[in-house]
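What follows is calculated from the coordinates using simple rules that are stated; it is not laboratory data. The structure presented is a predicted model; accordingly, all values stated were derived computationally and were not measured. All Cβ positions, even for glycine, are placed from backbone atoms using ideal geometry, and neighbour counts span all protein chains on display.
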Amino acid sequence: MVSDTRILITGSNGLLGQKIVMQLLRKRLDFLATSLGSNRNPDCPSDRYVSMDITNKEDIEKCVDVFQPTCIINTAAMTNVDECEDKVELCHQINVEAVHNLLEISAENNIQLIHLSTDFVFDGLNGPYKETDEKNPLSVYAKSKVDSEELLEKSDYKNWAILRTIIVFGQGNNLSRSNIVLWAREALKKETN
Ligand SMILES: NC(=O)c1ccc[n+]([C@@H]2O[C@H](COP(=O)([O-])OP(=O)(O)OC[C@H]3O[C@@H](n4cnc5c(N)ncnc54)[C@H](OP(=O)(O)O)[C@@H]3O)[C@@H](O)[C@H]2O)c1
């Protein structure tokens, strides 16, 4: 390992999580990958993986006690916008209450918290946006991300960062959902068959 940085990543089975794991391995940084289910990413060594439910505070505390991270990268989320409309309470638990868990534990242990958010916090009517522009979420998913951002913004603990990404696309291992590149590839395959 090349530094004292120890990174705990949530949502490591997801698309962004898998790509971050790949970068951490390349850079030979110490990390613990976590996700809700069992490890579905064959590129992530099994001794670097534990299942961790971010809605369960005790689960997070156990991992933090054992691994002692200096930084948590939270990519875990309910990301399917339609599912969020159908399961509003679950969306709130995963996308907001769980971020509260991560924030409290980060503050108690002086861990840097890097939280993933989205351009969906804006309504899209007046872009391009500055990060300080007024938010106006138009969906349950977007509102949950705004609420999670506000937890951090209003906290007395300031060792955090919010990264708002736009469409994440690409190939991954055993992903639970598709993305624009995979849709296009499947459509092209069907046309050539
Ligand atoms: N995809 C996009 O286009 C996009 C755009 C803007 C922002 N973002 C944000 O970027 C982040 C990563 O997105 P992504 O596309 O990589 O997500 P993704 O592929 O849907 O992966 C999300 C991961 O979260 C995990 N998860 C769900 N509930 C959990 C829980 N209770 N405890 C622990 N882990 C849980 C799932 O784990 P299991 O697979 O193990 O169940 C899943 O692998 C999210 O915060 C998302 O809001 C994404």
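Here are some notes:
- When each of TYR129, TYR141 is tested for being near the ligand (Cβ under 10 Å from one of its atoms) and either assigned to a loop (DSSP other than H, G, I, E, B) or touching a residue at least 12 places away in the same chain (Cβ under 8 Å) (or both), the lone residue that passes is TYR141.
- The set of residues in region 11-31 being within 9 Å of the ligand (Cβ to nearest atom), surrounded by fewer than 21 Cβ atoms within 10 Å (Cβ to Cβ) and on the phi > 0 side of the Ramachandran plot is empty.
- Among the residues making up region 32-55, those that are surrounded by fewer than 17 Cβ atoms within 10 Å (Cβ to Cβ), part of a loop (DSSP other than H, G, I, E, B) and more than 8 Å from the ligand (Cβ to nearest atom) are PRO42, ASP43, PRO45.
- Verdict on ASP65 being over 18 Å from the mean Cα position of the chain (by Cα), of a type in the set (Asp, Glu) and outside any helix (DSSP H, G or I): no
- Considering SER106, SER117, the condition of being touching a residue at least 24 places away in the same chain (Cβ under 8 Å) and part of a helix (DSSP H, G or I) is satisfied by SER106 alone.
- Among residues of region 155-172 that are in contact (Cβ under 8 Å) with a residue 24 or more places away in the chain, those with a Cβ under 9 angstrom from a residue that is polar (S, T, N, Q) and surrounded by fewer than 13 Cβ atoms within 10 Å (Cβ to Cβ), sequence gap 6+ or separate chain, pair up as TYR157/ASN110; ASN159/ASN110.
- Unmet criterion (only one of (1) more than 13 Å from the chain's Cα centre (by Cα); (2) within 24 Å of LEU175 (Cβ to Cβ)) for THR75: (1)
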